[in-house]
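Notes follow the structure.
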Amino acid sequence: MKISHQHARFMKKLLICLDFDGTLFDTGRVIFSFPEIVQWGKGGFSKVLEEYYEFSKDEFLPEKFSGFLKAEKSFSVESADRLASRFTEVRERAPELVFEDALFFINQFPKGMLAILTRAHPDWQEGNISASGLRQYFSKVFIVKGKNGKRDVLEKLSVQYGHIIFIDDSPKEIDQVLGVKGVKAILLNRQGVIGRVGPKDLREVLSQVKELLGFG
Ligand SMILES: [Mg+2]
């Protein structure tokens, strides 16, 4: 059953904020086909990314990442530029990278109830969101920077909305927003992160949300 305005009074005050990469959009499907990144493995790539954030003091941008690889990872100019250019594939293949369960989920709610809340570089992420075709389903898009970026937005929104549901596939991002008044944070545990409990896809999240909203 599609959520309607049946619970209009409650709904008016509800906002569902969804993370983008790994939650709505399967960035990993493309990135982990790049030979350089496959070589690092998932854990290795996360480490390299953390070093990149430390180095650049900024969110991810392919050109900046390439600069970091040349300066800190002894990549040659050619191989660093080659890797940076591979990231254009994310944009080119964007429509097919939308998770099937993501479309299913967002189709259950009116646009006014849905927001994207992503931590990223706007120069990179705005293009990805548009290319994915998802922009039309959301009334708001927040592209934030820094460790506290999502928390800051949720704190501001919590003044306006009585209930906020925040869905993210990163345990770190979930932990970062714990305790914000009126915010229910749900870890989407697609990867089955050990030691963490959370629904494995957005269909399971929908059941939880319906329960929270008092639907059967
Ligand atoms: Mg994510």
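List of remarks:
- Condition met for residue 126 (more than 16 Å from the ligand (Cβ to nearest atom) and within 16 Å of the chain's Cα centre (by Cα)): yes
- Hey, residue 136 more than 15 Å from the ligand (Cβ to nearest atom) and in a helix (DSSP H, G or I) or not: yes
- Taken over region 18-45, the criterion of being in contact (Cβ under 8 Å) with a residue 40 or more places away in the chain and among the charged types (D, E, K, R) is satisfied by 19, 21, 26, 29, 36.
- Index of the failed condition, residue 21 passing every other in (1) charged (D, E, K, R); (2) crowded, with 18+ Cβ neighbours inside 10 Å; (3) touching a Phe, Trp or Tyr at 6+ places or on another chain (Cβ under 8 Å): (3)
- Residues that are under 25 Å from residue 13 (Cβ atoms), surrounded by fewer than 14 Cβ atoms within 10 Å (Cβ to Cβ), outside the structural domain of residue 61 (by TED's automatic domain parsing) and not acidic (Asp, Glu) do occur in region 140-155, at least one of them.
- Looking only at region 177-216, and only at residues there that are in a helix (DSSP H, G or I), within 15 Å of residue 18 (Cα to Cα) and of a type outside the set (Asp, Glu), the one that is nearest to the chain's Cα centre (by Cα): 202
- Residue match in region 13-20 (condition: of a type outside the set (Phe, Trp, Tyr), at pLDDT below 95 and in a helix (DSSP H, G or I)): no
- Residue ID - nearest to residue 213 (Cα to Cα), chosen from residues in region 73-99 that are within 15 Å of the chain's Cα centre (by Cα) and in a helix (DSSP H, G or I): 97
- Pairs, first within 20 Å of residue 13 (Cβ to Cβ) in region 169-187, second aromatic (Phe, Trp, Tyr) and within 13 Å of the ligand (Cβ to nearest atom), C-beta under 8 Å, six or more apart: 177/166; 183/166; 184/166; 185/166; 186/166
Rundown of residues vs (1) outside the structural domain of residue 132 (by TED's automatic domain parsing); (2) under 25 Å from residue 25 (Cβ atoms); (3) of a type in the set (D, E, K, R), yes/no style:
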| residue | (1), (2), (3) |
| --- | --- |
| 48 | yes, yes, no |
| 51 | yes, yes, yes |
| 56 | yes, yes, no |
| 61 | yes, yes, no |
| 65 | yes, yes, no |
| 72 | yes, no, yes |
| 82 | yes, yes, yes |
| 85 | yes, yes, no |
| 88 | yes, yes, no |
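- Residue match in region 166-176 (condition: over 15 Å from the mean Cα position of the chain (by Cα) and either assigned to a helix (DSSP H, G or I) or not aliphatic (A, V, I, L, M) (or both)): no
- When region 123-135 is filtered for residues that are on the phi < 0 side of the Ramachandran plot and out of contact with any Lys or Arg (no Cβ under 8 Å at 6 or more places or on another chain), the ones remaining, listed by number, are 123, 124, 125, 126, 130, 132, 134, 135.
The values are calculated or read from the model by the stated rules, or taken from the named source; none is laboratory data. The structure displayed is predicted, hence computed values, not measured ones. Backbone-built Cβ (ideal geometry, glycine too); neighbour counts: all protein chains shown.
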